Each structure stands twice: as C-alpha cells, then as structure tokens.
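Asker: Structure in structure tokens, see below.
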There are 2 protein chains.
Amino acid sequence: MQSFTEENYLKIIYHLSLNTESAVQTNAIAERIQTKAASVTDMIKKLADKKLVDYKKYQGVKLTESGKNAAINIVRRHRLWEVFLVEKLNFKWDEVHDIAEELEHIKSPELIERLDEFLAFPRNDPHGDPIPDKNGKLDNTVFIKLSKLKTGDKGLIMGVSEHSSVFLQHLEKIGLTLGKQIRITEITDFDGSVELSIENKQINVSREVAKSILIKI
Amino acid sequence: MQSFTEENYLKIIYHLSLNTESAVQTNAIAERIQTKAASVTDMIKKLADKKLVDYKKYQGVKLTESGKNAAINIVRRHRLWEVFLVEKLNFKWDEVHDIAEELEHIKSPELIERLDEFLAFPRNDPHGDPIPDKNGKLDNTVFIKLSKLKTGDKGLIMGVSEHSSVFLQHLEKIGLTLGKQIRITEITDFDGSVELSIENKQINVSREVAKSILIKI
DNA sequence: ATATTTTTTTAGATTTGTCTAAACTTATAG
DNA sequence: CTATAAGTTTAGACAAATCTAAAAAAATAT
Ligand SMILES: [Mn+2]
Ligand SMILES: [Mn+2]
Ligand SMILES: [Mn+2]
Ligand SMILES: [Mn+2]
C-alpha cells in the first residue's frame with residue numbers, strides 16, 4: 001500500500017506520461033506537484049525501490065506495469081468522487097477538483113466498487129474524462145480540439161483539457177458545457193479566435209480557450 | 001487547521017472525556033490510539049501550544065472550548081459518513097467504522113453541509129449515536145443500558161455502546177437491531193443474563209452483551 | 001570542441017510523529 | 001511514613017517528506 005504522497009507522485013507521473021513516449025523529467029514532476037526537484041529525486045528513488053517506476057539517473061522515470069495500475073486506480077477514484085460530488089451533492093464542475101484530490105486517497109476497494117454502482121457505473125467524469133473500470137480498462141477515444149475545426153464543422157462538446165476553476169466558470173458562463181452541439185461559423189484569421197453557434201446563439205471564443213475544448217464530430 | 005494525527009487525538013480525548021468529569025490520562029489516550037505514552041505526551045504538548053487542550057504536567061488533559069468544537073466537528077463528519085455508507089452504499093453497520101475513520105478527515109465544510117442535506121439531515125448514525133448539528137449542538141438524550149432493566153420492562157433499542165465488528169454482527173444475527181421493540185421476560189440470577197422477547201421470538205443475551213445495548217423505555 | 005546553460009543529483013538540515021530507555025512524579029500498600 | 005508500584009515525562013534516536021546550497025551530468029550554443 002502506498003502513502004498519500006507516493007500516490008500523488010504516481011498520479012502526476014501517469015498524467016505526464018500521457019503526453020509523451022519518452023521518460024518523465026524530474027523538473028516536470030516538481031512543477032506539477034509544487035515541490036523542489038531535489039524532493040522529487042528522493043521520492044523517485046523510493047518509488048524505484050518499490051518497483052513502481054523504472055529509473056536511471058539523469059534519464060527520468062517511466063511507470064512500471066504495477067506503477068501504472070496503481071496510478072490508474074487513483075485516477076478511477078478521483079473521477080468517481082467527482083461524479084458523486086456533481087451528481088449527488090450538486091457541486092458545480094469547477095468546485096470538485098480539490099475535494100476529489102483528498103477523497104481519492106481513501107483506501108477501500110469495497111468503497112469504490114459500491115460508489116461506482118451507486119453512481120450507475122458512469123463512463124465519464126464531470127469534465128468529460130473517461131473513468132477507468134474496475135480492471136483499469138480505460139476508454140481511450142481521443143477527441144479533437146475545437147481549435148482544429150474548420151468553418152462549417154459541427155460537433156459535440158465532449159470534454160475539456162484544462163481544469164482550472166476560472167476556465168470552467170468561463171465556459172459555464174458563455175454556455176459551453178458538456179454535451180452541447182456547436183457549429184463553427186467563422187475563424188478569424190489574425191488571432192485564430194473561433195466564432196460558433198450554439199443553441200441558436202452566436203458566441204466567440206479565443207484561440208487559447210478553443211485549444212482546451214474537446215469535440216466529437 | 002489540524003493535521004490528521006491531531007484530529008485523531010482530539011477525537012479520542014473527546015470520547016474519553018464523556019465518561020468522566022476529571023482530566024483524561026496519558027495512558028488512556030495511548031491505549032485508545034494504539035501508541036506509546038511518550039508519543040502522547042509529545043502530542044499533548046503540541047495541542048496545548050495550540051490552545052486545544054489545557055494541560056498541567058502529570059495531571060492529564062481537558063479539551064478547551066475550541067478543542068471541544070474541533071472534536072465535535074470530527075465526530076459530526078464521522079457519523080455523517082457512516083450514515084452515507086449504510087444508507088446510500090448499502091454497507092452493513094459493522095463495516096463502516098474504519099472507512100469513516102478515514103473519511104472524517106476530509107477538510108471541506110461545504111462538503112459536509114451538502115452531505116448532511118443529501119442525507120436529509122439525519123439525527124443519528126447507524127449505531128444510534130447522535131449526530132452533532134452544523135453548530136456543534138448535540139442531542140444528549142441518555143438511554144438506559146439493557147442490563148439495568150427489570151423483568152416485565154418494555155423498550156426500544158436505540159443504540160449500542162460498543163462498536164466492534166464481532167459485537168455488531170452478533171446483534172444482527174440474533175435480531176437485535178436499532179428501532180426494535182423488546183420486553184424483558186426473565187433475568188437469570190446467577191449470571192445476570194437477560195431473556196427477552198422480540199418480534200414474538202424469545203432470545204437470551206449475556207449480561208456482557210446487555211451492558212452494551214441502549215434502550216428507551 | 002569547448003564553453004555556457006539547464007537539469008538533475010547529493011549532502012546536510014528541518015519538521016512531524018513515532019519509539020525505547022531512563023528519570024521523575026504521584027499513588028498505594030504495609 | 002517509607003517502600004514499592006504505577007503513571008508520566010524527558011532525552012535521544014529514527015523514518016518520512018521536505019528544503020537549500022553545492023556538485024555533477026547532460027544539453028545547447030558558438
Ligand atoms: Mn479533477
Ligand atoms: Mn475531472
Ligand atoms: Mn464509527
Ligand atoms: Mn457510529
């Protein structure tokens with residue numbers, strides 16, 4: 001069984017691994033986990049001792065099979081708790097992350113299986129991210145960034161790739177929430193901002209924002 | 001804000017205070033928290049620095065007003081989570097304590113208020129213990145031990161004062177669960193065991209067990 | 001190819017919570 | 001009242017997770 005802290009490292013390493021084939025760098029972990037590189041090196045050694053990561057000095061880390069399983073399990077717990085908070089306790093999608101950050105460390109397999117059942121086996125969390133099943137299996141459908149669409153394209157909003165409160169509140173405010181249908185009406189040349197129609201309204205989103213919205217065509 | 005560990009000490013001290021007017025002893029805390037007296041002394045000093053307990057060397061501790069508030073808050077969280085686990089996730093009353101022991105430390109006042117609402121503001125936990133309200137107010141109705149009743153007395157089972165899994169499973173098995181009506185039919189002289197009728201069945205419980213069952217006449 | 005910059009690791013210190021062994025205080029028994 | 005026992009505290013050590021400062025390795029630029 002891993003400590004709180006070890007679990008946090010495993011999860012961060014897992015998320016950083018998704019963006020790249022190569023090993024995850026010490027500094028990248030340090031930045032994400034809000035700590036110093038020296039501390040990361042210490043923890044990496046510990047995880048390597050426990051065979052949760054493969055580590056060669058100065059070469060970064062990769063999760064082992066068992067490290068990856070552990071990480072996916074934490075992700076599963078995090079996302080299930082987020083669903084609970086939104087669906088059952090009526091939190092908004094921008095309010096749940098920090099609480100789930102704590103709840104994800106509760107150690108009880110039984111608890112998670114029952115929570116999953118209570119929530120009717122949800123496939124996605126409130127931000128559209130897929131929830132790994134009990135065996136760690138993950139729906140790996142990849143969606144397209146809104147910023148990649150062309151004028152005239154239609155699609156459904158399936159998720160967001162940025163989870164900050166300000167960003168999510170902004171989307172809520174302009175009506176860009178999960179499941180809504182959109183159609184691109186224009187893409188401004190000079191700044192790449194996107195004009196789109198959604199529920200018979202015309203709205204404009206910056207390229208910056210468009211990059212973090214995930215669409216299924 | 002207190003650490004996990006500090007919270008555990010506060011809660012234990014609170015529970016031990018309930019049985020006595022005088023100060024809580026170091027060894028009593030050590031036994032309950034599964035640690036050594038020396039460790040308790042260290043922690044007591046820390047809690048005293050934070051003005052959560054009053055402490056004079058060799059004289060034991062008492063919670064201050066603010067320590068008591070903190071403790072009651074932890075008890076509130078523990079009992080609300082126990083209700084959640086039993087009512088919503090279908091755990092049995094003997095399975096929830098350890099999980100609630102972890103959940104009680106999640107720090108989010110908003111979470112607890114919403115959980116309370118989601119559960120429809122329960123007054124008692126699955127073991128019959130009262131749940132403090134948001135302001136720390138606690139229903140302090142005291143019930144009578146089954147072992148104090150006389151032949152012919154009738155009453156309702158309102159709670160248990162022992163929470164171990166074996167004990168609760170035993171009660172479940174012989175049908176002595178919360179809310180049931182009982183009537184004492186005989187008290188055996190030599191061992192103090194109690195014979196009672198419940199739902200038209202006659203059962204016999206040892207004096208030991210009878211001491212831990214709480215009754216409203 | 002060498003110099004400079006960036007990244008990573010080590011060494012040594014700190015904080016939190018724990019422990020053992022020894023010293024000290026309080027309670028109890030004769 | 002004194003001796004012994006029981007309970008508590010101190011001193012010193014240790015493991016986990018962190019930090020700063022300095023050293024070492026790798027990447028990059030000229
Ligand atoms: Mn999240
Ligand atoms: Mn999420
Ligand atoms: Mn409990
Ligand atoms: Mn309880």
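The values are calculated or read from the model by the stated rules, or taken from the named source; none is laboratory data. Quantities reported herein were computed from a predicted structural model and do not represent experimental measurements. Here Cβ is always computed from backbone atoms with ideal geometry, including for glycine, and neighbour counts include all displayed protein chains. The area values use the complete protein model at the heavy-atom level, side chains included, leaving out ligands, DNA and RNA. Shrake-Rupley method; radii C 1.70, N 1.55, O 1.52, S 1.80 Å.
Asker: Give A:Glu65, A:Glu7 a once-over and let me know the one that is of a type outside the set (S, T, N, Q), in contact with a His (Cβ under 7 Å, 6 or more places away or on another chain) and either closer than 29 Å to A:Ser108 by Cβ or assigned by TED's automatic domain parsing to the domain that holds A:Ser161 (or both).
Answerer: Of the residues listed, the single one that is of a type outside the set (S, T, N, Q), in contact with a His (Cβ under 7 Å, 6 or more places away or on another chain) and either closer than 29 Å to A:Ser108 by Cβ or assigned by TED's automatic domain parsing to the domain that holds A:Ser161 (or both) is A:Glu7.
Asker: Among (1) under 15 Å from the mean Cα position of the chain (by Cα); (2) away from chain B (no Cβ under 13 Å); (3) at pLDDT 95 or above, which single condition is A:Thr141 missing?
Answerer: All conditions pass for A:Thr141, except number (3).
Asker: Can you pull out the residues in the range A:114-132 that are among the charged types (D, E, K, R) and more than 14 Å from chain B (Cβ to nearest Cβ)?
Answerer: Listed by number, the residues that qualify are A:Arg123, A:Asp125, A:Asp129.
Asker: May I pose another question? Mind checking which residues of the range A:109-158 are in a helix (DSSP H, G or I) and charged (D, E, K, R)?
Answerer: A:Glu110, A:Glu113, A:Arg114, A:Asp116, A:Glu117, A:Lys148
Asker: Can you pull out the residues in the range A:16-28 that are free of Cβ contacts under 8 Å to residues at least 24 places away in the same chain and part of a helix (DSSP H, G or I)?
Answerer: Those that are free of Cβ contacts under 8 Å to residues at least 24 places away in the same chain and part of a helix (DSSP H, G or I): A:Leu16, A:Leu18, A:Asn27, A:Ala28.
Asker: Here's another thing I want to ask about it. Given the criterion more than 14 Å from chain B (Cβ to nearest Cβ), open to solvent by 20 Å² or more (accessible area, probe 1.4 Å), more than 16 Å from DNA strand C (Cβ to nearest atom) and assigned to a loop (DSSP other than H, G, I, E, B), identify the matching residue among A:Lys68, A:Lys51, A:Lys57.
Answerer: A:Lys51
Asker: Exactly one of these conditions fails for B:Phe84: (1) among the aromatic types (Phe, Trp, Tyr); (2) open to solvent by 20 Å² or more (accessible area, probe 1.4 Å); (3) in contact with a helix residue (DSSP H, G or I) (Cβ under 7 Å, 6 or more places away or on another chain); (4) closer than 26 Å to A:Lys92 by Cβ. Give me its number.
Answerer: Every condition holds for B:Phe84 apart from (2).
Asker: Between residues in the range B:34-62 that are without any contact (Cβ under 8 Å) to a residue 40 or more places away in the chain and residues that are within 16 Å of ligand 3 (Cβ to nearest atom) and not aromatic (Phe, Trp, Tyr), which pairs lie under 8 Å by C-beta distance while being six or more apart or on different chains?
Answerer: Close Cβ pairs (under 8 Å, with a partner that is within 16 Å of ligand 3 (Cβ to nearest atom) and not aromatic (Phe, Trp, Tyr)) amount to B:Val40/B:Ile33.
Asker: Name the single residue that is nearest to A:Trp81 (Cα to Cα) among those in the range B:78-108 being part of a helix (DSSP H, G or I) and among the acidic types (Asp, Glu). Break it down stepwise before answering.
Answerer: From the range B:78-108, those part of a helix (DSSP H, G or I) are B:78-88, B:97-103; that's our starting set.
Retained after the next criterion (residues that are among the acidic types (Asp, Glu)): B:82, B:87, B:98, B:101-102.
Numbers: B:Glu82: 17, B:Glu87: 17, B:Asp98: 19, B:Glu101: 18, B:Glu102: 15 Å.
The extreme case among them is B:Glu102.
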